[in-house]
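What follows is one structure encoded as C-alpha cells, with my remarks underneath.
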Amino acid sequence: MCDEIEPAAMAAALRAWYLAHGRDLPWRVGPAARASGEHPDPYRVWLSEVMLQQTTVAAVRERFLRFTARWPKVQALAAAEDADVMAEWAGLGYYARARNLLKCARAVAGPLEGQFPADRAALQALPGIGPYTAAAIAAIAFDLPETVVDGNVERVMARLFAVETPLPTAKPQLVALAHRLTPEMHPGDHAQAVMDLGATICTPTSPACGICPLTRCCAARASGIAAELPRRAPKTAKPIRLGIAYVARRADGALLLETRAPRGLLGGMLGWPGSDWSEAPAPAPPVAADWRALEAEVRHTFTHFHLRLQVQIADVAAATDPVQGHFVPARAFRPEDLPTVMRKVWALASSAFDRANPDPR
C-alpha cells in the first residue's frame, strides 16, 4: 500500500516512467533535453499554463504554436495590439485570461526587463498568475521544488491514497498528499510526470491500472474503487439567462459588430450587438431596421450559467448610422476572430441570409 512505500521511491518510479513515456508537447523540454543542457523557456511555460486552464491539450496545441510563431518572446506579446491578441484567443474561452495575459506580458517586459522571476511568490504577484500557475512555472521552468496540483494530479492522489472525501472539500488533503510526494531533485520532471500519468494512464474513466508505474501501491486499486475516485459533491443546477443578438448586413456586405467593454464576460472581444443577458432581456436593436427573429436559438454554456440567445437579422441601407457598434467590411470579416458563442450566432444568421437574401456582393 502507499503508506508502506517511501515517497522517494514513488517519485523515482514516476520519473523512470516519464523518461520513457512522457508526452511530447511543443512547450515542453523533456528530461533528455534537460540533461543535455537545454532549459525550459519561462515564457513558453507560462503561456502554455495560461492557455491550458479549463482547456484541453488537444485544443491548445495548435493555438500555442500560432501564438509563439506570431509572438515568440514576451516582449513581442507585450507590444501586440490588444485586439490582435483577443482575436487570436477567440475560441479558447475564459477571455479574462487573454486580458491578463497582456497585463502580465507588459509587466514582465517592462519593469522586469523581460525576465520572469524564479520565485513562486514573485510569480504569483504578477497579473493573472494564481497559486497553481505560479507553482507550475516555478517547478517546470526553474526546477524549484513546488507542488503542482491540477485536475489530473488531484485524481492521481485521490486514487493512490483512496481519498473518498468529495471534491472540492478534498482539495487541501490532495494538495498535502501531492506535496508529500514532490521530490527535491527534478521537481519539474516530477510535476509533468504526475500530470501525464493522470492524462494518459490514470484517466477519469477506465484507468489503465495494469500498466501504471504506481499500481502496486495504489490504495484505490487494492480496494477496487479506482474508477470511482475522485468523488465529487453534487453539482447545483446552473441558471439560464436569455438575450438577443442582432446581426445587421449592409447593402455592400459589411456587417455590424461591436467591441465589447473591456471588463466583464467576453470583455474586449469582438461580437454582435445585443441586449443584456438576464431572465427578461430588454430589446436593444443597434439600428432602426426591419428585424426578423430566427426560429432557432443559440445555446451556450458559461462557467456559471447557460445562455440562450434569440438571433435577429436585418438588411440595412448603405448609409445606415448605428447607435451601437461599427460596420466591418465583408473582406475584413473573419468569423474565427469571434468568441465561440458569437460564431454560433453567425452560423445561424449567415445561413438565414443565404436562404432569404443572397449576399449582395
### Task
Restricting attention to helices (runs of 4 or more DSSP H) lying wholly within the stretch 1-81, give those where 3 or more residues are modelled with pLDDT of 95 or more.
42-52, 57-70, 74-78
### Filter pass, residue 304 being touching a Ser or Thr at 6+ places or on another chain (Cβ under 8 Å) and within 26 Å of residue 97 (Cβ to Cβ)
no
#### Entry: Candidates 234, 239, 273, filtered to the one that is surrounded by fewer than 14 Cβ atoms within 10 Å (Cβ to Cβ) and in contact with a strand residue (DSSP E or B) (Cβ under 9 Å, 6 or more places away or on another chain)
239
### Query
Given (1) surrounded by 15 or more Cβ atoms within 10 Å (Cβ to Cβ); (2) in contact with an Asp or Glu (Cβ under 9 Å, 6 or more places away or on another chain); (3) in contact (Cβ under 8 Å) with a residue 60 or more places away in the chain, where does residue 259 come up short, assuming only one miss?
(2)
### Query
in contact (Cβ under 8 Å) with a residue 60 or more places away in the chain and within 23 Å of the chain's Cα centre (by Cα): does that describe residue 49?
yes
### Out of 323, 345, sole residue that is outside any strand (DSSP E or B), in contact (Cβ under 8 Å) with a residue 24 or more places away in the chain, outside the structural domain of residue 96 (by TED's automatic domain parsing) and exposed (fewer than 12 other Cβ atoms within 10 Å of the Cβ)
323
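For a quick check of your reading: which helices (runs of 4 or more DSSP H) sit entirely within the stretch 113-210 and have at least 2 residues that are over 23 Å from the mean Cα position of the chain (by Cα) and under 27 Å from residue 32 (Cα atoms)?
Values: elements: 120-124, 131-142, 151-160, 171-181, 187-200.
Correct list: 171-181.
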### Query
With 293, 254, 248 as the choices, which residue is modelled with pLDDT of 90 or more and surrounded by fewer than 16 Cβ atoms within 10 Å (Cβ to Cβ)?
293
### Task
Hey, can you tell me all the residues within the stretch 2-35 that are surrounded by fewer than 15 Cβ atoms within 10 Å (Cβ to Cβ), small (Gly, Ala, Ser) and either under 29 Å from residue 77 (Cα atoms) or in contact (Cβ under 8 Å) with a residue 60 or more places away in the chain (or both)?
8, 16, 33
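Residues that are in contact (Cβ under 8 Å) with a residue 24 or more places away in the chain and closer than 14 Å to residue 128 by Cβ: does the stretch 56-67 have at least one?
Within the stretch 56-67 (the criterion being in contact (Cβ under 8 Å) with a residue 24 or more places away in the chain and closer than 14 Å to residue 128 by Cβ), the answer is no, since none of the residues qualifies.
Looking at 114, 110, which is the one that is at pLDDT below 95 and over 27 Å from residue 266 (Cα atoms)? Explain how you work it out, then say what you get.
Details: 110 fails: over 27 Å from residue 266 (Cα atoms).
Result of the check over 114, 110: 114.
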### Query
Take the residues of the stretch 119-135 that are in contact with a Cys (Cβ under 8 Å, 6 or more places away or on another chain) and not small (Gly, Ala, Ser): which is surrounded by the fewest Cβ atoms within 10 Å (Cβ to Cβ)?
127
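Of everything in the stretch 296-316, what is touching a residue at least 60 places away in the same chain (Cβ under 8 Å) and surrounded by fewer than 17 Cβ atoms within 10 Å (Cβ to Cβ)? Give them in sequence order. First the steps, then the outcome.
So in the stretch 296-316, the residues touching a residue at least 60 places away in the same chain (Cβ under 8 Å) come out as 301, 303-316.
Result: 301, 303, 304, 305, 306, 308, 315.
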### Query
When the residues of the stretch 211-231 are filtered to those that are hydrophobic (A, V, I, L, M, F, W, C) and assigned to a helix (DSSP H, G or I), which remaining residue is surrounded by the fewest Cβ atoms within 10 Å (Cβ to Cβ)?
211
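The values are calculated or read from the model by the stated rules, or taken from the named source; none is laboratory data. Fair warning: this is a prediction, and the values are worked out from it, not measured in the lab. Cβ atoms come from the backbone with ideal geometry, glycine included; neighbour counts cover every protein chain shown.
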